[in-house]
Amino acid sequence: MQIRNITRPVIALAVIAGLGALLVSLFSGSDEQKAPPATGVELAQVLEQALEDRIIALGTAQSNASIIITSTVPESIARLNFTDGQRVQKGDVIVTLTQQEEQAQLAAARARLKESGRELKRAGTLVSKNALAQRDLDQRRTTRDVTEQEIKEIEARIEDRTLRAPFAGKLGVARLSTGALVEPGDIITTLDAIDRIKLDFTVPSMRFSALASGVPVIATSDAVPGRIFKGEIATVDTRIDPVTRAVLVRAILPNPDEALRPGMLMRVTLLENRRKGLIIPEEAVLQQQDAHYVYYVGPDVKKVEKRKIEIGLRKPGLVEVTSGLAAGDTVIIRGLNKVRPGQEVAIAKLHEDWAKEKENK
(Lines give C-alpha, C1' and ligand atoms only; values in the text may rest on other atoms or scores of the structure.)
Protein backbone atom coordinates (compact mmCIF):
# COMPACT_ATOMS: atom_id res chain seq x y z
CA MET A 1 0.00 0.00 0.00
CA GLN A 2 2.77 2.46 0.76
CA ILE A 3 4.54 1.79 -2.60
CA ARG A 4 1.35 2.39 -4.51
CA ASN A 5 0.75 5.76 -2.73
CA ILE A 6 4.25 7.03 -3.59
CA THR A 7 4.05 6.08 -7.29
CA ARG A 8 0.93 8.09 -8.02
CA PRO A 9 2.41 11.54 -7.08
CA VAL A 10 5.58 10.77 -9.06
CA ILE A 11 3.55 9.97 -12.16
CA ALA A 12 1.53 13.18 -11.71
CA LEU A 13 4.68 15.25 -11.44
CA ALA A 14 6.10 13.66 -14.60
CA VAL A 15 2.93 14.45 -16.52
CA ILE A 16 3.00 18.07 -15.37
CA ALA A 17 6.69 18.44 -16.32
CA GLY A 18 5.99 17.02 -19.77
CA LEU A 19 3.11 19.41 -20.34
CA GLY A 20 5.31 22.32 -19.24
CA ALA A 21 8.05 21.35 -21.65
CA LEU A 22 5.51 21.06 -24.44
CA LEU A 23 4.11 24.52 -23.70
CA VAL A 24 7.58 26.07 -23.61
CA SER A 25 8.37 24.42 -26.93
CA LEU A 26 5.14 25.69 -28.46
CA PHE A 27 5.65 29.28 -27.27
CA SER A 28 9.29 29.31 -28.38
CA GLY A 29 8.32 28.21 -31.87
CA SER A 30 5.65 30.96 -32.04
CA ASP A 31 8.21 33.68 -31.14
CA GLU A 32 10.53 32.56 -33.92
CA GLN A 33 7.76 32.61 -36.47
CA LYS A 34 6.65 36.13 -35.41
CA ALA A 35 10.07 37.88 -35.42
CA PRO A 36 9.69 41.71 -35.84
CA PRO A 37 9.92 42.91 -39.49
CA ALA A 38 12.89 44.98 -40.75
CA THR A 39 12.53 48.74 -40.28
CA GLY A 40 11.14 50.51 -43.36
CA VAL A 41 13.18 53.49 -44.57
CA GLU A 42 13.29 55.82 -47.57
CA LEU A 43 16.52 56.17 -49.52
CA ALA A 44 17.95 58.75 -51.91
CA GLN A 45 20.63 58.24 -54.50
CA VAL A 46 23.85 60.22 -54.57
CA LEU A 47 23.59 62.39 -57.70
CA GLU A 48 26.20 64.12 -59.83
CA GLN A 49 25.31 67.71 -60.73
CA ALA A 50 26.86 70.88 -62.12
CA LEU A 51 27.78 73.11 -59.18
CA GLU A 52 29.35 76.50 -58.64
CA ASP A 53 30.32 78.60 -55.66
CA ARG A 54 28.36 81.80 -55.12
CA ILE A 55 29.24 85.25 -53.80
CA ILE A 56 26.26 87.35 -52.74
CA ALA A 57 26.28 91.17 -52.79
CA LEU A 58 24.02 94.19 -53.14
CA GLY A 59 24.38 96.53 -56.10
CA THR A 60 22.85 99.61 -57.68
CA ALA A 61 21.73 99.70 -61.31
CA GLN A 62 23.04 102.51 -63.48
CA SER A 63 22.50 103.54 -67.09
CA ASN A 64 25.06 102.34 -69.56
CA ALA A 65 25.31 106.02 -70.53
CA SER A 66 23.52 108.94 -68.90
CA ILE A 67 23.58 112.73 -69.27
CA ILE A 68 21.60 115.82 -68.30
CA ILE A 69 20.41 117.85 -71.26
CA THR A 70 21.30 121.48 -70.53
CA SER A 71 22.66 124.54 -72.30
CA THR A 72 26.19 125.90 -72.35
CA VAL A 73 24.93 129.44 -73.02
CA PRO A 74 22.19 131.55 -71.44
CA GLU A 75 19.34 131.57 -73.92
CA SER A 76 15.59 131.04 -74.16
CA ILE A 77 14.02 127.84 -75.49
CA ALA A 78 12.63 128.28 -79.00
CA ARG A 79 11.34 124.72 -79.42
CA LEU A 80 11.27 121.38 -77.61
CA ASN A 81 11.61 118.66 -80.23
CA PHE A 82 10.56 115.72 -78.06
CA THR A 83 7.83 114.28 -75.89
CA ASP A 84 8.35 112.83 -72.41
CA GLY A 85 9.90 109.37 -72.56
CA GLN A 86 10.64 109.55 -76.27
CA ARG A 87 13.36 107.36 -77.75
CA VAL A 88 15.97 109.21 -79.82
CA GLN A 89 18.91 108.29 -81.99
CA LYS A 90 22.39 109.74 -81.90
CA GLY A 91 22.42 113.21 -83.50
CA ASP A 92 18.67 113.87 -83.20
CA VAL A 93 17.82 117.49 -82.28
CA ILE A 94 16.28 117.52 -78.81
CA VAL A 95 16.02 121.27 -78.05
CA THR A 96 16.38 124.37 -80.21
CA LEU A 97 17.33 127.58 -78.43
CA THR A 98 16.68 131.05 -79.79
CA GLN A 99 19.19 131.73 -82.57
CA GLN A 100 17.64 134.31 -84.94
CA GLU A 101 20.52 136.72 -84.46
CA GLU A 102 23.10 134.04 -85.18
CA GLN A 103 21.19 132.88 -88.25
CA ALA A 104 21.13 136.44 -89.57
CA GLN A 105 24.84 136.84 -88.94
CA LEU A 106 25.45 133.56 -90.75
CA ALA A 107 23.48 134.69 -93.79
CA ALA A 108 25.41 137.97 -93.91
CA ALA A 109 28.76 136.19 -93.57
CA ARG A 110 27.91 133.78 -96.36
CA ALA A 111 26.98 136.74 -98.60
CA ARG A 112 30.29 138.40 -97.85
CA LEU A 113 32.10 135.13 -98.60
CA LYS A 114 30.37 134.91 -101.95
CA GLU A 115 31.31 138.50 -102.77
CA SER A 116 34.91 138.05 -101.64
CA GLY A 117 35.12 135.01 -103.89
CA ARG A 118 34.09 137.07 -106.89
CA GLU A 119 36.52 139.85 -105.95
CA LEU A 120 39.32 137.32 -105.62
CA LYS A 121 38.56 135.89 -109.03
CA ARG A 122 38.59 139.34 -110.69
CA ALA A 123 41.78 140.28 -108.90
CA GLY A 124 43.45 137.15 -110.17
CA THR A 125 42.56 138.05 -113.76
CA LEU A 126 43.91 141.56 -113.34
CA VAL A 127 47.14 140.35 -111.78
CA SER A 128 47.68 138.02 -114.72
CA LYS A 129 47.40 141.08 -117.02
CA ASN A 130 49.73 143.11 -114.78
CA ALA A 131 46.84 145.48 -114.14
CA LEU A 132 46.78 144.85 -110.38
CA ALA A 133 49.51 144.46 -107.81
CA GLN A 134 50.09 141.07 -106.19
CA ARG A 135 49.61 142.72 -102.79
CA ASP A 136 46.00 143.56 -103.66
CA LEU A 137 45.38 139.95 -104.67
CA ASP A 138 46.77 138.69 -101.36
CA GLN A 139 44.61 141.17 -99.46
CA ARG A 140 41.44 139.87 -101.15
CA ARG A 141 42.51 136.29 -100.42
CA THR A 142 42.95 137.17 -96.74
CA THR A 143 39.49 138.78 -96.68
CA ARG A 144 38.00 135.57 -98.05
CA ASP A 145 39.82 133.40 -95.47
CA VAL A 146 38.70 135.63 -92.58
CA THR A 147 35.10 135.45 -93.77
CA GLU A 148 35.28 131.65 -93.87
CA GLN A 149 36.46 131.62 -90.25
CA GLU A 150 33.67 133.99 -89.25
CA ILE A 151 31.18 131.56 -90.76
CA LYS A 152 32.63 128.70 -88.75
CA GLU A 153 32.42 130.78 -85.58
CA ILE A 154 28.78 131.65 -86.19
CA GLU A 155 27.95 128.04 -87.02
CA ALA A 156 29.53 126.99 -83.71
CA ARG A 157 27.33 129.49 -81.85
CA ILE A 158 24.29 128.11 -83.64
CA GLU A 159 25.34 124.57 -82.74
CA ASP A 160 25.60 125.65 -79.09
CA ARG A 161 21.95 126.62 -79.38
CA THR A 162 20.95 123.32 -81.02
CA LEU A 163 21.02 120.55 -78.42
CA ARG A 164 21.45 117.10 -79.97
CA ALA A 165 21.46 113.56 -78.55
CA PRO A 166 25.09 112.45 -78.13
CA PHE A 167 23.97 108.79 -78.12
CA ALA A 168 20.86 106.71 -78.69
CA GLY A 169 18.63 106.38 -75.66
CA LYS A 170 15.43 107.34 -73.90
CA LEU A 171 14.56 110.87 -72.80
CA GLY A 172 13.12 111.67 -69.42
CA VAL A 173 10.49 114.21 -68.41
CA ALA A 174 10.78 117.80 -69.73
CA ARG A 175 11.65 120.10 -66.81
CA LEU A 176 11.25 123.38 -68.76
CA SER A 177 8.86 124.66 -71.39
CA THR A 178 9.16 126.60 -74.63
CA GLY A 179 10.07 130.26 -73.95
CA ALA A 180 11.81 129.54 -70.65
CA LEU A 181 15.22 131.14 -70.14
CA VAL A 182 17.90 128.51 -69.66
CA GLU A 183 21.08 129.17 -67.73
CA PRO A 184 24.09 126.85 -68.08
CA GLY A 185 23.50 123.87 -65.80
CA ASP A 186 19.70 124.12 -65.76
CA ILE A 187 18.11 120.72 -66.39
CA ILE A 188 15.92 120.62 -69.49
CA THR A 189 15.57 116.82 -69.49
CA THR A 190 17.67 113.67 -69.12
CA LEU A 191 18.90 111.07 -71.57
CA ASP A 192 19.69 107.48 -70.59
CA ALA A 193 20.88 104.47 -72.57
CA ILE A 194 19.30 101.55 -70.70
CA ASP A 195 19.39 98.76 -73.27
CA ARG A 196 22.31 97.62 -71.13
CA ILE A 197 22.67 98.28 -67.40
CA LYS A 198 25.81 98.85 -65.39
CA LEU A 199 25.57 97.16 -62.01
CA ASP A 200 28.07 98.38 -59.42
CA PHE A 201 28.63 96.42 -56.20
CA THR A 202 31.39 95.68 -53.70
CA VAL A 203 32.98 92.35 -52.84
CA PRO A 204 35.21 91.57 -49.82
CA SER A 205 38.88 91.63 -50.74
CA MET A 206 39.31 88.02 -49.54
CA ARG A 207 37.32 86.96 -52.63
CA PHE A 208 39.41 89.11 -54.96
CA SER A 209 40.95 86.08 -56.70
CA ALA A 210 37.49 85.04 -57.93
CA LEU A 211 36.92 88.37 -59.69
CA ALA A 212 37.78 88.80 -63.35
CA SER A 213 36.24 90.12 -66.54
CA GLY A 214 33.81 87.62 -67.99
CA VAL A 215 32.83 85.94 -64.70
CA PRO A 216 29.05 85.34 -64.94
CA VAL A 217 26.63 87.02 -62.54
CA ILE A 218 22.91 86.79 -61.94
CA ALA A 219 20.83 89.55 -60.37
CA THR A 220 17.31 90.04 -59.06
CA SER A 221 15.31 93.02 -57.85
CA ASP A 222 12.19 93.33 -55.71
CA ALA A 223 11.02 95.94 -58.22
CA VAL A 224 10.82 93.22 -60.90
CA PRO A 225 9.58 90.14 -59.00
CA GLY A 226 10.12 86.75 -60.55
CA ARG A 227 12.76 87.93 -63.04
CA ILE A 228 16.39 86.79 -63.11
CA PHE A 229 18.83 88.94 -65.06
CA LYS A 230 22.07 87.40 -66.31
CA GLY A 231 25.28 89.22 -67.20
CA GLU A 232 29.00 89.20 -66.56
CA ILE A 233 31.70 91.21 -64.86
CA ALA A 234 33.05 93.98 -67.09
CA THR A 235 35.54 95.68 -64.78
CA VAL A 236 37.16 95.19 -61.38
CA ASP A 237 38.47 98.36 -59.74
CA THR A 238 42.24 98.65 -59.45
CA ARG A 239 42.09 99.61 -55.77
CA ILE A 240 40.74 98.04 -52.58
CA ASP A 241 39.07 100.38 -50.13
CA PRO A 242 41.41 100.56 -47.08
CA VAL A 243 38.47 101.21 -44.72
CA THR A 244 35.96 98.55 -45.82
CA ARG A 245 38.55 96.15 -47.33
CA ALA A 246 36.21 95.73 -50.29
CA VAL A 247 36.71 96.17 -54.02
CA LEU A 248 34.29 97.84 -56.43
CA VAL A 249 33.06 95.60 -59.24
CA ARG A 250 31.04 96.59 -62.31
CA ALA A 251 28.91 94.09 -64.21
CA ILE A 252 26.94 94.57 -67.42
CA LEU A 253 23.38 93.21 -67.70
CA PRO A 254 21.50 93.11 -71.03
CA ASN A 255 18.19 94.96 -70.65
CA PRO A 256 16.46 94.79 -74.05
CA ASP A 257 12.94 95.23 -72.66
CA GLU A 258 14.07 98.03 -70.30
CA ALA A 259 12.62 96.26 -67.26
CA LEU A 260 15.55 97.55 -65.20
CA ARG A 261 15.87 101.24 -64.48
CA PRO A 262 18.77 103.30 -63.10
CA GLY A 263 18.81 103.50 -59.31
CA MET A 264 17.26 100.08 -58.65
CA LEU A 265 18.67 98.10 -55.72
CA MET A 266 19.63 94.60 -56.87
CA ARG A 267 20.85 91.40 -55.26
CA VAL A 268 23.88 90.12 -57.12
CA THR A 269 25.19 86.56 -57.22
CA LEU A 270 28.62 85.81 -58.69
CA LEU A 271 29.15 82.30 -60.02
CA GLU A 272 32.66 80.87 -59.69
CA ASN A 273 34.49 77.52 -59.54
CA ARG A 274 32.09 75.72 -61.84
CA ARG A 275 32.45 71.95 -61.54
CA LYS A 276 30.73 68.56 -61.43
CA GLY A 277 29.97 67.53 -57.87
CA LEU A 278 28.10 64.90 -55.84
CA ILE A 279 24.99 65.95 -53.95
CA ILE A 280 22.66 64.40 -51.37
CA PRO A 281 19.53 65.74 -49.64
CA GLU A 282 20.38 67.85 -46.61
CA GLU A 283 18.06 65.71 -44.41
CA ALA A 284 20.42 62.75 -44.91
CA VAL A 285 23.30 64.48 -43.13
CA LEU A 286 23.92 63.88 -39.42
CA GLN A 287 26.28 66.23 -37.60
CA GLN A 288 28.23 65.23 -34.52
CA GLN A 289 30.42 68.05 -33.29
CA ASP A 290 32.54 69.04 -36.31
CA ALA A 291 32.04 65.76 -38.22
CA HIS A 292 29.29 64.82 -40.68
CA TYR A 293 27.83 61.35 -41.23
CA VAL A 294 25.22 59.55 -43.31
CA TYR A 295 23.51 56.19 -42.97
CA TYR A 296 24.56 54.27 -46.08
CA VAL A 297 22.67 51.21 -47.34
CA GLY A 298 24.47 48.82 -49.70
CA PRO A 299 22.96 47.57 -52.96
CA ASP A 300 22.92 43.88 -51.98
CA VAL A 301 22.89 43.49 -48.18
CA LYS A 302 20.31 45.96 -46.87
CA LYS A 303 22.16 46.72 -43.69
CA VAL A 304 22.85 50.17 -42.32
CA GLU A 305 26.40 51.49 -42.37
CA LYS A 306 27.32 54.75 -40.69
CA ARG A 307 29.75 56.63 -42.94
CA LYS A 308 31.75 59.75 -42.29
CA ILE A 309 31.66 62.22 -45.16
CA GLU A 310 33.25 65.55 -46.06
CA ILE A 311 30.89 68.24 -47.27
CA GLY A 312 31.39 71.28 -49.47
CA LEU A 313 28.78 73.61 -50.89
CA ARG A 314 25.44 73.88 -49.11
CA LYS A 315 22.32 75.02 -50.95
CA PRO A 316 18.66 74.97 -49.90
CA GLY A 317 17.67 71.32 -49.81
CA LEU A 318 21.01 69.78 -50.78
CA VAL A 319 24.60 69.31 -49.67
CA GLU A 320 27.72 68.68 -51.74
CA VAL A 321 29.73 65.62 -50.74
CA THR A 322 33.46 65.90 -51.45
CA SER A 323 34.45 62.50 -50.02
CA GLY A 324 32.93 59.36 -48.47
CA LEU A 325 30.36 58.53 -51.15
CA ALA A 326 30.19 57.79 -54.88
CA ALA A 327 27.58 58.56 -57.52
CA GLY A 328 24.73 56.04 -57.34
CA ASP A 329 25.21 55.19 -53.64
CA THR A 330 22.07 55.28 -51.51
CA VAL A 331 21.61 56.96 -48.14
CA ILE A 332 18.71 57.04 -45.71
CA ILE A 333 16.68 60.25 -45.71
CA ARG A 334 13.59 59.16 -43.74
CA GLY A 335 13.55 56.79 -40.77
CA LEU A 336 16.93 57.92 -39.45
CA ASN A 337 15.76 57.92 -35.85
CA LYS A 338 14.64 54.28 -36.07
CA VAL A 339 17.84 52.64 -37.33
CA ARG A 340 21.25 51.76 -35.94
CA PRO A 341 24.50 50.71 -37.65
CA GLY A 342 24.41 47.03 -38.66
CA GLN A 343 20.63 46.87 -38.57
CA GLU A 344 18.83 45.33 -41.54
CA VAL A 345 16.26 47.60 -43.16
CA ALA A 346 13.47 47.36 -45.70
CA ILE A 347 13.30 49.93 -48.49
CA ALA A 348 9.94 51.67 -48.39
CA LYS A 349 10.86 54.06 -51.24
CA LEU A 350 13.92 54.89 -53.31
CA HIS A 351 14.18 58.49 -54.56
CA GLU A 352 16.35 58.24 -57.66
CA ASP A 353 15.78 61.80 -58.90
CA TRP A 354 15.05 63.61 -55.66
CA ALA A 355 16.63 66.88 -56.92
CA LYS A 356 13.82 67.32 -59.48
CA GLU A 357 11.27 66.41 -56.85
CA LYS A 358 12.52 69.28 -54.71
CA GLU A 359 12.46 71.71 -57.66
CA ASN A 360 8.85 70.81 -58.43
CA LYS A 361 7.69 71.46 -54.87
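The values are calculated or read from the model by the stated rules, or taken from the named source; none is laboratory data. Bear in mind the structure is a predicted one, so any value in this text is a computation, not a measurement. A quick note on method: Cβ atoms are made from the backbone with ideal geometry, for glycine too, and the neighbour counts reach across all protein chains shown.
Would segment 117-135 turn up any residue that is in contact (Cβ under 8 Å) with a residue 40 or more places away in the chain, surrounded by 15 or more Cβ atoms within 10 Å (Cβ to Cβ) and not β-branched (Val, Ile, Thr)? Walk me through it before giving the result.
Step one: of segment 117-135, the residues in contact (Cβ under 8 Å) with a residue 40 or more places away in the chain are none.
So far as segment 117-135 goes, no, none of its residues is in contact (Cβ under 8 Å) with a residue 40 or more places away in the chain, surrounded by 15 or more Cβ atoms within 10 Å (Cβ to Cβ) and not β-branched (Val, Ile, Thr).
Criterion first (of a type in the set (A, V, I, L, M, F, W, C) and either over 30 Å from Asp257 (Cα atoms) or touching a Gly at 6+ places or on another chain (Cβ under 9 Å) (or both)) does Leu176 satisfy it?
no
Going residue by residue through segment 49-66, is there one that turns out to be hydroxyl-bearing (Ser, Thr, Tyr), buried (at least 16 other Cβ atoms within 10 Å of the Cβ) and touching a strand residue (DSSP E or B) at 6+ places or on another chain (Cβ under 6 Å)?
Checked against the condition, which is being hydroxyl-bearing (Ser, Thr, Tyr), buried (at least 16 other Cβ atoms within 10 Å of the Cβ) and touching a strand residue (DSSP E or B) at 6+ places or on another chain (Cβ under 6 Å), segment 49-66 yields at least one hit.
Could you list, in sequence order, all residues of segment 172-197 that are in a strand (DSSP E or B) and over 17 Å from Thr235 (Cα atoms)?
Of segment 172-197, the ones in a strand (DSSP E or B) are 181-182, 189-197.
Within segment 172-197, Leu181, Val182, Thr189, Thr190, Leu191, Asp192, Ala193, Ile194, Asp195 qualify.
Among the residues of segment 264-294, write down those that are at pLDDT 90 or above, within 16 Å of the chain's Cα centre (by Cα) and either in a strand (DSSP E or B) or among the aromatic types (Phe, Trp, Tyr) (or both).
Leu265, Met266, Arg267, Val268, Thr269 - these are the residues of segment 264-294 that are at pLDDT 90 or above, within 16 Å of the chain's Cα centre (by Cα) and either in a strand (DSSP E or B) or among the aromatic types (Phe, Trp, Tyr) (or both).
Give me the residue from segment 77-102 that is more than 45 Å from the chain's Cα centre (by Cα) and surrounded by fewer than 14 Cβ atoms within 10 Å (Cβ to Cβ) and, out of that set, farthest from Ile197 (Cα to Cα).
Only one residue tops the list, namely Glu101.
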